[in-house]
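Here's the structure we're looking at; comments come further down.
The values are calculated or read from the model by the stated rules, or taken from the named source; none is laboratory data. This is a predicted model, so every value here is computed, not measured. Here the Cβ positions follow ideal geometry from the backbone for every residue, glycine too, while neighbour counts run over all protein chains shown.
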Amino acid sequence: MTTRKKYSKEFKLDAISLVLDQGYSQTDAARSLGINSTMLGRWIKEHRKEDGQAFRGNGKLTPEQEEIRRLKQENRQLKMEREILKEAAVFFAKETK
């Protein structure tokens, strides 16, 4: 079984720079670096799309993803608190009868 090779952020940015800044073709740059041309194309596409957030690394979230995670956690907490208050209201309503 083959293992996937991982490339550092610096390597990816240098490879992208060969194409975007230094005028190499995507195929020539990929061949000289020993990588697949489609992979280099994917890196270039991600670099252009992500506005400086490309190649964050494993587990690192964008600010938007962090906000969504925080809001989901807060939502779960509020739902749980609401259920506890509902149960308490039912309990105390039975006590007063």
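List of remarks:
- Residue under evaluation A30, criteria (1) outside any helix (DSSP H, G or I); (2) touching a Ser or Thr at 6+ places or on another chain (Cβ under 7 Å), criterion not met: (1)
- Residues satisfying the stated conditions in region 1-23, i.e. surrounded by 10 or more Cβ atoms within 10 Å (Cβ to Cβ) and of a type outside the set (S, T, N, Q): Y7, K9, F11, K12, L13, D14, A15, I16, L18, V19, L20
- Pair list, Cβ < 8 Å and 6+ apart or interchain, from region 1-18 residues that are without any contact (Cβ under 8 Å) to a residue 24 or more places away in the chain to residues that are surrounded by 10 or more Cβ atoms within 10 Å (Cβ to Cβ) and hydroxyl-bearing (S, T, Y): L18/Y24; L18/S32
- Flag if G57 is modelled with pLDDT under 85, loosely packed, with under 12 Cβ neighbours inside 10 Å, assigned to a loop (DSSP other than H, G, I, E, B) and not acidic (D, E): yes
- Flag for R48 being under 17 Å from the mean Cα position of the chain (by Cα), surrounded by 10 or more Cβ atoms within 10 Å (Cβ to Cβ), at pLDDT 90 or above and assigned to a helix (DSSP H, G or I): no
- Considering the conditions (1) at pLDDT below 90; (2) surrounded by 10 or more Cβ atoms within 10 Å (Cβ to Cβ), P63 is excluded by exactly one of them, (2).
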